[in-house]
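Asker: Structure incoming, see below.
The values are calculated or read from the model by the stated rules, or taken from the named source; none is laboratory data. Since this is a predicted model, take the numbers as computed values, not measurements. Cβ: placed from backbone, ideal geometry, glycine included. Neighbour counts: every protein chain shown. To get the accessible areas, we keep the full protein, side chains included, count just its heavy atoms, and leave off ligands, DNA and RNA. Shrake-Rupley method; radii C 1.70, N 1.55, O 1.52, S 1.80 Å.
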Amino acid sequence: MCGIVGYIGKGRAQSVLTSGLARLEYRGYDSAGIVTFNGRATLLRAKGKVADLNKLVKSSATSDSVGIGHTRWATHGEPSVKNAHPHRAGRIYMVHNGIIENYKELKSRLKNHKFASETDSEVLAALIDSFYKDDLTEAVIKALQLVDGTYGIAVVATDNPEKIVVARNGSPLIIGVGKDETLVASDASALLGYTDRAIYLNDGEIAAITRDGIALRNLQNEPVDAEIEKIEADLAQIQKQGYAHFLLKEISEQPKTLAETLRGRVDVRNERVVLGGINMTPSQLRGIKHITIVGCGTAYYAGLLASYYIEQLVEDVTVNVVIASEFRYKSSYIPHDSVALIVSQSGETADTLACMREIQSRGVKCLGIINSVGSTIAREADGGVYIHAGPEISVASTKAFTSQTSAMLMFGIMLAQSRSINPRDVRPFIQELSILPSEIGKLIKNQSKAIAAIAKKYSSFDHAIYLGRGTAYPVALEGALKLKEISYVDANGYPAGELKHGPIALVDDRFFEVFVIPDDELLEKMVSNLQEVEARSGHIIAITNSSKKLAAETVIKVPTKLKVLTPILLNVVQQLFAYHIAVARGNDVDQPRNLAKSVTVE
Ligand code: F6R
């Protein structure tokens, strides 16, 4: 949420900053700004997107080679130019991600500063200015010692603009170490093409960046050693590569990205799964009797789906799936023979991270199911599985769901193996995992056009109900989430069995109803539910691999060799369906209103 970029080098700072911000725009897109320095500060801020900021840059171009920039997702104060970052206080310019929780108390101490914005961030800028004499690092440390909350910041003082000071607590900050230039970013994607060498700041660390080098300190003002790591992603992964939208690209590349998730882990010939990163012996795995899965949004639904699979695979384990933002208020008991799976595409989601820390403090091992390499959850987890799906740029999560579910399923298979469960029971899962990428590929190749046409037909509806049973239930929830977030259609998912307990009252001509019907032992029950809606003249779309004749207005039939993993495949139909509805409604598919990727505030 919100993006930060900084630059000091030989290049033109304005263009490095704006191109970096464009790459980070998916993290927040209600306003953007940059300030660059060369004897004087050139501050440019615009309400709206980076494209709006670029218009200002055109008319106020400078050749300055130092600067900082920001793209915002509003927390305190509406999206507007005055609330856009960078904020100025005296000699200080600052950009900030996160939330300063005690900003009101701090503001009351800052009588000498005339506040120009409604933001908590400007309070921090003013606090730093109040401590600033001639050592910016010291002023930043003094200010941060008084702050409660989360921050990733980049700060420059107008009287010494040859130094950028950055700091982090709970909001990512990465320093890109290039040849003759240093960049700062809240996400490695802004660094690609400049350098693949990075220092990932830890919470409580401050770095002073000059043309001569980088010096790290902690909040006690003691020196800290910097470790340079290699950035794994490459530039091609964050480009649209001819697709109309990142969302379509990310849906379409699932055969490849899922294959990456499985690579070297699923051994079909020997019917084994090995996840190296979980750091657990078979006897430790055997000791696990309880699993808590934690996530938000799509990651939560992936966890829910995986819980069905894990419980099918291993009889002596209970699985509890929790929404991260609720977990901490529930005082749930977590037994000691537990492990927690912490599921997050970004690895930065504030609620999920807070849950992980809480669970770890209770002595329970936390394994990350993470996409973003080097992210905070990945670094703080006790082990885990990188899903290797590559950067997800579109705000709506798609390929991550498929890979997260498969990664957790692999974990379930490892649990089964540790218990010497009859290989016959594990075999279908291993075999189907290995063909899932190609089954997804076939679906996308053969059925995308038809799904687009169906989506067009339903694109003027404003309400939708998604229904599923068993493993298709989490898939129905995910289908409804995907539709609502990108098309703004009011869509809700329910277990099909709950239909008669309330939701069926909604059925009328303003709604369509999506039935997710894998050809499994629950098929007949789903058919009965479908008929109940049909009897009330519902507009039913059935997504199924069954050949049974269904009384639906529209049937999307997906031929497949899969059995147990069919729901994951049917979800891809939902992704395409939601995408084409959003396109037909003329929405900003990749950056839907009010949303941002990577939710780093609670
Ligand atoms: C939905 C979506 C969100 C995320 C959620 C968790 O399409 O993108 O619901 O799934 O914010 O994000 P991560 O996985 O980064 O923790």
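Asker: Pairs please, first residue from the stretch 574-602 and within 30 Å of Cys355 (Cβ to Cβ), second anywhere and small (Gly, Ala, Ser) and not in a helix (DSSP H, G or I), Cβ atoms under 6 Å, 6+ apart in sequence or on different chains.
Answerer: Asp590/Ser394; Ala596/Gly28; Ser598/Ser346; Thr600/Ser171
Asker: Does Ala476 count as outside any helix (DSSP H, G or I), within 16 Å of the ligand (Cβ to nearest atom), aliphatic (A, V, I, L, M) and assigned by TED's automatic domain parsing to the domain that holds Leu522?
Answerer: When the stated conditions are applied, Ala476 does not pass them.
Asker: Of these, Gln254, Gln239, which one is modelled with pLDDT under 95 and on the phi < 0 side of the Ramachandran plot?
Answerer: Gln239
Asker: Hey, another quick one. Please work out which residue is surrounded by the most Cβ atoms within 10 Å (Cβ to Cβ), limiting yourself to the stretch 318-333 and to residues that are in contact with a helix residue (DSSP H, G or I) (Cβ under 9 Å, 6 or more places away or on another chain) and not in a strand (DSSP E or B).
Answerer: Kept after step one, since they are in contact with a helix residue (DSSP H, G or I) (Cβ under 9 Å, 6 or more places away or on another chain), are these residues of the stretch 318-333: 318-328.
Within this subset, residues satisfying the condition of being not in a strand (DSSP E or B) are 324-328.
Working: Ala324: 27, Ser325: 18, Glu326: 13, Phe327: 22, Arg328: 16.
Once the filter is applied, the top-ranked residue is Ala324.
Asker: Further question: With the stretch 1-118 as the region, which strands (runs of 3 or more DSSP E) entirely inside it contain at least 2 residues that are closer than 25 Å to Leu146 by Cβ and touching a helix residue (DSSP H, G or I) at 6+ places or on another chain (Cβ under 6 Å)?
Answerer: 87-89, 92-97
Asker: Quick one: which strands (runs of 3 or more DSSP E) sit completely within the stretch 480-580 and have at least 1 residues that are among the charged types (D, E, K, R) and open to solvent by less than 20 Å² (accessible area, probe 1.4 Å)?
Answerer: Details: elements: 490-495, 511-517, 539-544, 554-557.
Result: 511-517.
Asker: Every residue in the stretch 21-39 that is more than 17 Å from Asp590 (Cα to Cα) and touching a residue at least 24 places away in the same chain (Cβ under 8 Å), please.
Answerer: If the condition is that a residue be more than 17 Å from Asp590 (Cα to Cα) and touching a residue at least 24 places away in the same chain (Cβ under 8 Å), then Ala32, Gly33, Ile34, Val35, Thr36, Phe37, Asn38 are the ones that fit.
Asker: Of these, Glu315, Glu311, which one is of a type outside the set (Val, Ile, Thr), out of contact with any helix residue (DSSP H, G or I) (no Cβ under 8 Å at 6 or more places or on another chain), open to solvent by 20 Å² or more (accessible area, probe 1.4 Å) and modelled with pLDDT of 95 or more?
Answerer: Glu311
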